[in-house]
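Notes follow the structure.
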Amino acid sequence: MKNNPHFLHALLNKRMLICIFTGFSSGLPLYILISLLPAWLKSEGVSLKEIGLFALIGLPFTWKFIWAPLFDRYALPFGRRRGWLLITQIGLLITLPVFGFFHPQLDIRTIAFFCVLVAFLSASQDVVLDAYRRELLPDVELGLGNAVHVNAYKIASLVPGSLSLILADHMDWSSVFMITALFMLPGLVMTLLITEPALKNVAPKTLRAAVIEPFQEFVRRNGIKSALTVLLFIFLYKLGDSMATALATPFYLEMGFTKTEIGLVAKNAGLWPSVIGGMLGGVWMMRLGINRALWIFGAVQMIAILGFAWLATVGHSLPWLALVIGLEALGVGLGTAAFVAFIAHTTNPLYTATQFALFTSLAAVPRTFANAATGYLVDYFGWTQFFILCFLLAIPGMLLLLKVAPWKATLDTGMNGHV
């Protein structure tokens, strides 16, 4: 840390605490949709093909850049960021418990509707949280702050992916969804306590300007060819990892693990590797830089996919389950920390919400469209071959690093002057 004497000060300040809450609030509703919901549907007799198709409910995460300009252009009574946060968080607190009042075999269309509604509110909250975090953090804390955010984002998965599954073995699903939804309260309290970030630039004066100018600025800054390459990289970098984990909980159940075993072993085995991966990712980025971090962390992320293929051949084994999940959590914690830092650095502070939403929307496309086909791919290939396919699909994103983040090139991150 010789090049970063203010590291401890940056790690322990109020802004890092806020990043913990932004990450947890952002991750919770998404993991309810991609972790708890598939477990609920599977336990109620819904087929893997139908569960896989439920990935399409994530469409709002891929299209959120369409309405993101509204958040840049209009300010509500509590502020341009806090006002919109209150609306989305209250909406999530109200809608998340609704699932427990339906039966998957009888109300599958109604469940799908509320899933889309939750996804819309969650995607909208993400837009505002990303913009707030980008405006809150000074450049010197950008990498670390995003690493803390990603870390808390992953920790949020333990509520629907661990606690809720354990509760499901001991109480009815309506109570499980109600208790899970209450974990949105810390984020709501955070929104009430934080202050609105100072506006570094003048907000777009018209809705037309808020819609058009962010895209014009991005293309003008990079050139059309480089801009398209960056967008393609954002789309592909986490494609393999996203597909590999799309049906993780149903995969564990088919391997013979009980919901309690998944809750206690599979999910908690990923807690400390996730925490370590997220924090080490932020610290190492200060020394490695974003470019080299994307290479190294992405390689670990790819190797973790092969762990699932191995588990599919081993079958029911708690030690192997813990090892595979730990490696996956470490790889994703590292890879996501570098990836989010790259996206944050690519945005222009004048159009934070819209550009950040555009980039993260592209990153969410695989989770929505590609993941929708995972049930059919597993049915056709089997689990082992499916995970090997996911590993191969991660290669193109890594190859694009040659263009967008060459190993020997430097990228000004504002963290220590250069990378």
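The values are calculated or read from the model by the stated rules, or taken from the named source; none is laboratory data. Here the structure is a predicted model, which is why all the values come from computation and not from measurement. Cβ coordinates were reconstructed from backbone atoms using ideal geometry, including for glycine residues, and neighbour counts include every protein chain displayed. Side chains included, ligands, DNA and RNA excluded: accessible areas come from the protein's heavy atoms. Shrake-Rupley method; radii C 1.70, N 1.55, O 1.52, S 1.80 Å.
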Could you check how many residues of segment 343-356 are open to solvent by less than 10 Å² (accessible area, probe 1.4 Å) and either closer than 18 Å to Leu288 by Cα or within 15 Å of the chain's Cα centre (by Cα) (or both)?
3
If I filter segment 69-113 down to residues being of a type in the set (Phe, Trp, Tyr) and part of a helix (DSSP H, G or I), which single residue comes out as surrounded by the fewest Cβ atoms within 10 Å (Cβ to Cβ)?
Phe113
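Taking only segment 301-321 into account, find how many residues are part of a helix (DSSP H, G or I) and over 22 Å from the mean Cα position of the chain (by Cα). I'd like the intermediate steps shown before the answer.
Initially, segment 301-321 is screened for residues part of a helix (DSSP H, G or I), giving 301-314, 318-321.
Now narrow it down to the ones that are over 22 Å from the mean Cα position of the chain (by Cα): 309-314, 318-321.
Number satisfying all stated conditions: 10.
In segment 165-194, which residues are aliphatic (A, V, I, L, M) and surrounded by 14 or more Cβ atoms within 10 Å (Cβ to Cβ)?
Taking segment 165-194 and keeping what is aliphatic (A, V, I, L, M), we get 165-168, 171, 176, 178-179, 181-182, 184-185, 188-190, 192-194.
Those that are aliphatic (A, V, I, L, M) and surrounded by 14 or more Cβ atoms within 10 Å (Cβ to Cβ): Leu165, Ile166, Leu167, Ala168, Val176, Met178, Ile179, Ala181, Met184, Leu188, Met190, Ile194.
Select the helices (runs of 4 or more DSSP H) contained entirely in segment 120-184, then report the ones holding at least 2 residues which are aliphatic (A, V, I, L, M), more than 27 Å from Val283 (Cα to Cα) and touching a helix residue (DSSP H, G or I) at 6+ places or on another chain (Cβ under 9 Å). Reasoning before the result, please.
Numbers: elements: 142-156, 164-168, 173-181.
Where helices (runs of 4 or more DSSP H) fall fully within segment 120-184 and carry at least 2 residues being aliphatic (A, V, I, L, M), more than 27 Å from Val283 (Cα to Cα) and touching a helix residue (DSSP H, G or I) at 6+ places or on another chain (Cβ under 9 Å), they are 164-168, 173-181.
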Over segment 287-300, the set of residues open to solvent by 10 Å² or more (accessible area, probe 1.4 Å) and not basic (Lys, Arg) is Leu288, Trp295, Ile296, Ala299, Val300
For the subset of segment 210-253 comprising residues that are within 22 Å of His345 (Cα to Cα) and among the β-branched types (Val, Ile, Thr), which member is surrounded by the most Cβ atoms within 10 Å (Cβ to Cβ)?
Ile234
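Which one is most open to solvent (accessible area, probe 1.4 Å) among residues in segment 376-409 that are among the charged types (D, E, K, R) and part of a helix (DSSP H, G or I)? I'd like the intermediate steps shown before the answer.
If we filter segment 376-409 for residues that are among the charged types (D, E, K, R), which is where we start, we get 379, 403, 408.
Retained after the next criterion (residues that are part of a helix (DSSP H, G or I)): 379, 403.
Numbers: Asp379: 105, Lys403: 157 Å².
Top of the filtered list is Lys403.
Give the residues of segment 63-92 that are among the aliphatic types (A, V, I, L, M), free of Cβ contacts under 8 Å to residues at least 60 places away in the same chain and farther than 17 Å from Phe120 by Cα, sorted by residue number. It would help to see each step written out before you state the result.
We begin by selecting, within segment 63-92, every residue among the aliphatic types (A, V, I, L, M); these are 66, 68, 70, 75-76, 85-87, 90, 92.
With the extra rule that they be free of Cβ contacts under 8 Å to residues at least 60 places away in the same chain, the set shrinks to 66, 76, 87.
Correct list: Leu76 only.
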Counting just the residues of segment 149-164 that are of a type in the set (Val, Ile, Thr) and open to solvent by 10 Å² or more (accessible area, probe 1.4 Å), which one comes out modelled with the highest pLDDT?
Val159
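Looking only at segment 128-137, decide whether some residue is open to solvent by less than 20 Å² (accessible area, probe 1.4 Å), touching a Gly at 6+ places or on another chain (Cβ under 7 Å) and modelled with pLDDT of 85 or more. Write out each step before concluding.
Kept after step one, since they are open to solvent by less than 20 Å² (accessible area, probe 1.4 Å), are these residues of segment 128-137: 128-133, 137.
From what is left, the residues that are touching a Gly at 6+ places or on another chain (Cβ under 7 Å) are 133, 137.
From the residues that got through so far, the ones that are modelled with pLDDT of 85 or more too are 133.
Checking segment 128-137: at least one residue is open to solvent by less than 20 Å² (accessible area, probe 1.4 Å), touching a Gly at 6+ places or on another chain (Cβ under 7 Å) and modelled with pLDDT of 85 or more.
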